[in-house]
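The values are calculated or read from the model by the stated rules, or taken from the named source; none is laboratory data. Please read these numbers as outputs of a predicted model, since none were measured by experiment. Reconstructed Cβ throughout: ideal geometry from the backbone, glycine too, with neighbour counts over all protein chains shown. Just the protein is used for accessible areas: all its heavy atoms, side chains included, with ligands, DNA and RNA removed. Shrake-Rupley method; radii C 1.70, N 1.55, O 1.52, S 1.80 Å.
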Amino acid sequence: SKHPDYRPYHIYPSPVPRLEWLQCLIPPAKRAYGINVNYGQLKGKDKVCYGNGHLAILRDVENPAMCEIFSQHQAKVTVVVPAPSGYWVASGDETGVVHIWGYPNMIIKNTVRIGSCINDIRWTPDS
């Protein structure tokens, strides 16, 4: 039997997707620090994107209980930004690693190591 407070989300550990029934995570709060939350359309669906721990979370706007989770970071995710095209997502972490990955398959296309904490990522208009 399913717990009534649990919400569905997709987690893609690599590369085979599976459906889990767990509560979708919310953006973490830390006293005196802002929360980096981004909005964008991925394949025509509105998403709110943010990091929580080592996870990059893509939360559906129409149905907030549904979210997709990218779990390939080895450090705390600081920023998650969807591309204007709706087919790519970039996520950065505290150690300076940026992953660019496809949506919805969540396979890493490129990894860049900057060397310091990633505070923000911006796409060009043509992705």
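The number of residues in segment 76-122 being in a loop (DSSP other than H, G, I, E, B), open to solvent by less than 50 Å² (accessible area, probe 1.4 Å) and touching a Lys or Arg at 6+ places or on another chain (Cβ under 7 Å) comes to 3.
Taking segment 44-62 as the range and being assigned to a loop (DSSP other than H, G, I, E, B) and under 14 Å from ILE26 (Cα atoms) as the test, the residues that pass are GLY53, HIS54, VAL61.
Does segment 34-43 contain at least one residue that is in contact with a Gly (Cβ under 9 Å, 6 or more places away or on another chain), at pLDDT below 95, in a loop (DSSP other than H, G, I, E, B) and crowded, with 18+ Cβ neighbours inside 10 Å? So far as segment 34-43 goes, yes, one or more of its residues are in contact with a Gly (Cβ under 9 Å, 6 or more places away or on another chain), at pLDDT below 95, in a loop (DSSP other than H, G, I, E, B) and crowded, with 18+ Cβ neighbours inside 10 Å.
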